[in-house]
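**Student:** Pasting a structure here, questions to come.
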Amino acid sequence: MSEDKDKAGFTRREFINATAVAGLAGAGLGAGLLPGVASAKSAKHGSAEVGPGELDEYYGFWSGGHSGEVRILGIPSMRELMRIPVFNVESATGWGITNESKRIMEGGGGPYLNGDAHHPHMSMTDGRYDGKYVFINDKANTRVARIRCDIMKTDKMISIPNVSAIHGLRVQKVPHTKYVFCNGEFRIPHPNDGRDINDPKKYKTMFNAIDAEKMEMAWQVIVDGNLDNTDADYTGKYACATCYNSEGAVDLPGMMRNERDWAVVFNIPRIEAAIKAGKYTTIGDSKVPVLDGRHGSDLTLYIPVPKSPHGLNTSPDGKYFVANGKLSPTVTIIDIKKLDDWFAGKLKKPRDTVVGEPELGLGPLHTAFDGRGNAYTTVFIDSQIVKWNVADAIKAYKGKKVNYIRQKLDVHYQPGHNHTTMGETRDADGKWLISLCKFSKDRFLPVGPLHAENDQLIDISGEKMKLVHDGPTFAEPHDCMLVHRSKMKPLKIWKRNDPFFADTVAMAKKDGIVLEKDNKVIRDGNKVRVYMTSIAPNFGIIDFKVKKGDEVTVVVTNMDQVEDVTHGFCLVNHGVSMEIGPQQTSSVTFVADKPGVHWYYCHWFCHALHMEMRGRMLVEA
Ligand code: RUQ
Ligand code: CUA
């Protein structure tokens with residue numbers, strides 16, 4: 001691959017030379033200081049080694065658990081390429097501090113200061129990744145966010161009404177991601193206004209569908225039990241969720257009483273038809289259509305499976321849902337074609353849709369697929385990945401004497417999710433498997449009582465699984481997904497008309513400001529708006545004056561057109577920090593409550609004179 005040219009037709013190295021020639025920067029910003037994009041070969045298949053300057057074959061999107069963020073890793077190198085702040089407040093980029101990010105977080109009722117992100121999943125068209133969005137749940141504050149994959153920033157966030165704690169999340173795969181499906185996990189009274197706090201019989205939770213493009217609620221379905229994980233099929237007709245606590249208890253012993261809980265199937269066309277026919281209710285001030293999908297409803301099917309099932313995964317051939325046993329050593333294979341029979345009234349018992357229940361080991365949590373008919377299930381208690389053959393497991397269920405287990409591989413330790421390359425799509429290619437291990441114990445240098453997780457890379461391209469890499473990660477990747485790089489088209493610099501900062505552009509327009517060239521201070525009562533550009537190594541305004549108590553909004557537009565020349569705006573002693581990427585506009589609002597001189601500076605290393613890129617805010621008493 002040759003060096004990519006930026007808009008102005010410069011490569012990074014040429015830019016560096018050009019700046020030097022123009023005498024803007026001079027010494028320091030040489031090629032040695034900031035290397036350009038080296039000629040990049042891909043890693044050899046079967047080898048996890050990706051040499052310096054070589055590019056990975058896959059993007060991995062990792063949830064950041066209770067850190068609230070999403071991370072991008074390169075696969076197979078396991079190098080961390082980027083962090084995308086989502087539900088967290090992030091110091092470097094100013095996520096949760098800038099006006100642009102706060103507007104997005106307010107859509108989700110925030111900004112709360114924390115989040116618990118479990119399940120990142122990419123939008124699809126016809127069962128294949130389309131490279132557009134990644135959706136992620138927040139269990140902690142009952143939200144769902146969307147990341148735009150062209151800029152790799154969160155662009156929408158919504159709070160899910162009428163439920164408590166969003167856990168499982170997956171997208172509709174076919175015909176395209178019209179809906180994001182997500183599970184309300186905890187049961188709460190309706191209305192939850194203090195009147196029925198001690199009557200668990202009145203508690204309920206719901207299965208939720210979000211309009212993926214608008215990021216608005218589409219509908220909700222009330223269920224029995226607590227919903228855990230979910231996945232969609234390859235016809236567009238069904239989604240399925242694991243469901244525990246069929247007892248409707250509020251304590252652990254109560255939740256353990258029944259031998260069986262369920263996999264719940266949702267019939268999407270029937271749900272849509274019921275809404276169209278007006279057969280729904282609403283709750284409180286929420287306008288979201290709510291349907292009753294509890295036992296007896298024809299919108300759902302409750303398939304009894306061993307108690308407290310956890311992961312729910314669709315095989316990439318579109319044939320099966322697999323519900324993972326957790327407390328049972330088995331997984332339950334549900335034949336998706338038989339769901340048609342059930343809803344057509346052709347089957348007697350919900351269990352007639354089950355075609356296999358292989359015994360794998362202790363604590364099966366999640367299953368991934370290689371596209372060659374094999375499945376890989378994490379068994380938490382045994383600390384293993386079990387490779388098994390789906391067709392053979394179905395034969396064994398029919399009474400044939402076949403060994404469906406292909407291999408058991410030790411992982412370190414206690415794996416939760418696992419994921420194969422492209423494995424949740426029709427393009428499952430069976431090259432790599434990631435095991436997200438919850439405990440690392442002795443695998444790394446000790447760093448105090450808090451331990452890293454261990455995300456292990458396993459080569460599954462051959463007959464035998466081979467463990468090839470240990471990857472320490474910070475709290476706590478629950479889930480990840482692995483996308484071939486051919487599906488991704490991230491931008492290298494921002495587009496000036498990006499909707500991400502459109503509200504700020506609109507504000508500037510009202511003030512008569514052309515963001516690309518004006519450097520002006522506008523006073524509007526005790527509100528002051530400071531508009532400036534930035535071009536390495538200069539801010540367009542190097543001092544501005546305000547009065548104590550003024551509400552100040554600083555808007556910076558980065559006019560650099562060169563890939564990777566990001567500036568920052570950090571105002572000392574004001575908790576103000578933001579990223580301004582090339583051609584991006586960012587803004588931040590704060591109260592100037594301390595008379596005196598306050599320096600602001602660029603905190604993203606951008607230039608040989610980066611240290612000098614600064615200015616003063618003068619606050620009059
Ligand atoms: S969960 S360890 Cu939050 Cu996906 Cu299974
Ligand atoms: Cu601009 Cu550092």
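**Student:** When each pair of different Cα atoms in the stretch 517-559 is counted once in the 1/r mean, what is the Kirkwood radius in angstroms, to one decimal?
**Tutor:** Evaluated on the stretch 517-559, it is 10.8 Å.
**Student:** Rounded, prolate or oblate for the stretch 248-297? Axes are the square roots of the Cα gyration tensor eigenvalues, ordered a ≥ b ≥ c, and the cut-off for rounded is a/c under 1.5. Let's see the in-between values first.
**Tutor:** On the way: a/c = 4.00, a/b = 1.81, b/c = 2.21.
The shape class here is oblate.
**Student:** Per the Kirkwood definition applied to all pairs of different Cα atoms, how many angstroms is the hydrodynamic radius of the stretch 86-206? Write out the running numbers ahead of the final one.
**Tutor:** Details: mean 1/r = 0.0653 Å⁻¹.
Computed over the stretch 86-206, the radius equals 15.3 Å.
**Student:** Turning to a different aspect of this structure: On a C-alpha basis, how far is the centre of the stretch 378-425 from the centre of the stretch 538-563 in Å? Whole number, if you could?
**Tutor:** 56 Å
**Student:** Rounded to two decimal places and with Rh computed the Kirkwood way over Cα pairs, what is Rg over Rh for the stretch 304-408? It would help to have the intermediate numbers written out before the result.
**Tutor:** Values: Rg = 13.1 Å, Rh = 13.7 Å.
Answer for the stretch 304-408: 0.96.
**Student:** Just the number please: accessible area per residue for the chain, 1.4 Å probe, all protein chains included, in Å². Show your work: numbers first, answer last.
**Tutor:** On the way: 25280 Å² over 621 residues.
I get 41 Å² per residue for the chain.
**Student:** For the peptides 93-106, 303-316, 244-257, what is the packing order when you average, over each peptide's residues, the other Cβ atoms within 10 Å and list the highest mean first?
**Tutor:** The peptides rank, most packed first, as 303-316, 93-106, 244-257.
**Student:** Principal axis lengths of the stretch 403-484 from Cα atoms, whole Å, largest first?
**Tutor:** Computed over the stretch 403-484, the largest-to-smallest principal extents equal 42, 28, 19 Å.
**Student:** Do you know the relative contact order of the stretch 485-594, to the nearest whole percent, from alpha carbon pairs under 8 angstrom that are 6+ apart? Kindly include the intermediate steps, with their values, before the conclusion.
**Tutor:** Numbers: 200 pairs, mean separation 28.5, N = 110.
Normalised by residue count, the contact order of the stretch 485-594 is 26 percent.
**Student:** With 30 Å as the limit, write out which pairs from LYS132/LYS520; LYS202/LYS287; LYS102/LYS520; LYS492/LYS547; LYS279/LYS348 have Cα-Cα distances beyond it, or answer none.
**Tutor:** Distance filter (> 30 Å) returns LYS132/LYS520; LYS492/LYS547.
**Student:** Using a ≥ b ≥ c from the Cα gyration tensor of the stretch 508-621 (square roots of the eigenvalues), is it rounded, prolate or oblate, where a/c under 1.5 gives rounded and otherwise the larger of a/b and b/c decides, a/b for prolate? Before the final figure, lay out each step's value.
**Tutor:** On the way: a/c = 2.15, a/b = 1.36, b/c = 1.58.
Note, shape of the stretch 508-621 comes out oblate.
**Student:** For the stretch 356-421, count the residues as N, evaluate 2.2 N^0.38 Å, and divide the Cα radius of gyration by that value, please.
**Tutor:** Working: Rg = 11.5 Å, N = 66, 2.2 N^0.38 = 10.8 Å.
Normalised Cα radius of gyration, the stretch 356-421: 1.06.
**Student:** So, R0 is 30 Å and r is the distance between the beta-carbons of PHE474 and VAL572; what FRET efficiency does that work out to, to 0.05? Mind showing how you got there, number by number?
**Tutor:** Details: r = 28 Å, r/R0 = 0.94.
After rounding to 0.05, the efficiency reads 0.60.
**Student:** Name the GluC sites (Glu not before Pro) in the stretch 467-564 that are in a loop by DSSP and that have at most 14 other C-beta atoms within 10 Å, would you? Numbers along the way, then the final one.
**Tutor:** Details: sites: GLU516, GLU551, GLU563; in loops: GLU516, GLU563.
Counting only loop positions with at most 14 other Cβ atoms within 10 Å, the GluC sites (Glu not before Pro) in the stretch 467-564 are GLU516.
**Student:** Where Rh denotes the Kirkwood radius from the mean inverse Cα pair distance, what is Rg over Rh for the stretch 98-138? Working shown, then result.
**Tutor:** Details: Rg = 13.2 Å, Rh = 12.0 Å.
We get a ratio of 1.10 for the stretch 98-138.
**Student:** Still on this structure, I have one more. Once the other residues with Cβ under 13 Å from the Cβ of ARG79 are scored (Lys, Arg +1; Asp, Glu -1), what is the net sum? Working shown, then result.
**Tutor:** On the way: positive: ARG71, ARG83; negative: GLU49, GLU54, ASP56, GLU57, GLU80, ASP455.
Charge balance in the 13 Å sphere: -4.
**Student:** Ranking request for peptides 386-398, 223-235, 265-277: highest mean number of other beta-carbon atoms within 10 Å first, then the rest in descending order.
**Tutor:** Details: 386-398: 19.3, 223-235: 24.8, 265-277: 17.7.
Result, highest mean first: 223-235, 386-398, 265-277.
**Student:** I'd like the Kirkwood hydrodynamic radius of the stretch 474-565, using the inverse of the mean 1/r over distinct C-alpha pairs, in Å. Each step should come with its number before you reach the end.
**Tutor:** Working: mean 1/r = 0.0621 Å⁻¹.
Taking the inverse mean of 1/r over all distinct Cα pairs, the stretch 474-565 comes out at 16.1 Å.
**Student:** Ignoring ligands, DNA and RNA, what percent of the accessible area of the stretch 356-506 is carbon or sulfur (1.4 Å)?
**Tutor:** The nonpolar share, carbon plus sulfur, comes to 57 percent.
**Student:** With equal scatterers on the alpha carbons only and no solvent term, can you work out the Debye log10 of I(q)/I(0) for the stretch 444-491 at 0.27, 0.30 1/Å?
**Tutor:** -1.05, -1.11
**Student:** For the stretch 184-317, count all C-alpha to C-alpha pairs, find those more than 19 Å apart, and express that count as a whole percent of the total. Write down the numbers at each step before the final one.
**Tutor:** Values: 4591 of 8911 pairs.
Cα-Cα pairs in the stretch 184-317 separated by more than 19 Å: 52 percent.
**Student:** Further question: Please list log₁₀ I(q)/I(0) at q = 0.06, 0.08 Å⁻¹ for the chain, using the Debye equation with identical point scatterers on the alpha-carbon positions.
**Tutor:** Log10 I(q)/I(0), no solvent term: -0.36, -0.63.
**Student:** Moving on to the next point. List the lysines whose Cα sits under 16 Å from the Cα of LYS464, skipping any in the same chain fewer than 8 residues away.
**Tutor:** LYS387, LYS408, LYS431
**Student:** What per residue convex hull volume, in Å³, do the alpha-carbon atoms of the stretch 338-394 yield?
**Tutor:** Working: hull volume 5.5 nm³, N = 57.
That works out to 97 Å³ per residue.
The values are calculated or read from the model by the stated rules, or taken from the named source; none is laboratory data. No experiment lies behind these values; they were computed from the predicted model shown. Backbone-built Cβ (ideal geometry, glycine too); neighbour counts: all protein chains shown. These accessible areas exclude ligands, DNA and RNA; they are computed on the full protein's heavy atoms, side chains included. Shrake-Rupley method; radii C 1.70, N 1.55, O 1.52, S 1.80 Å.
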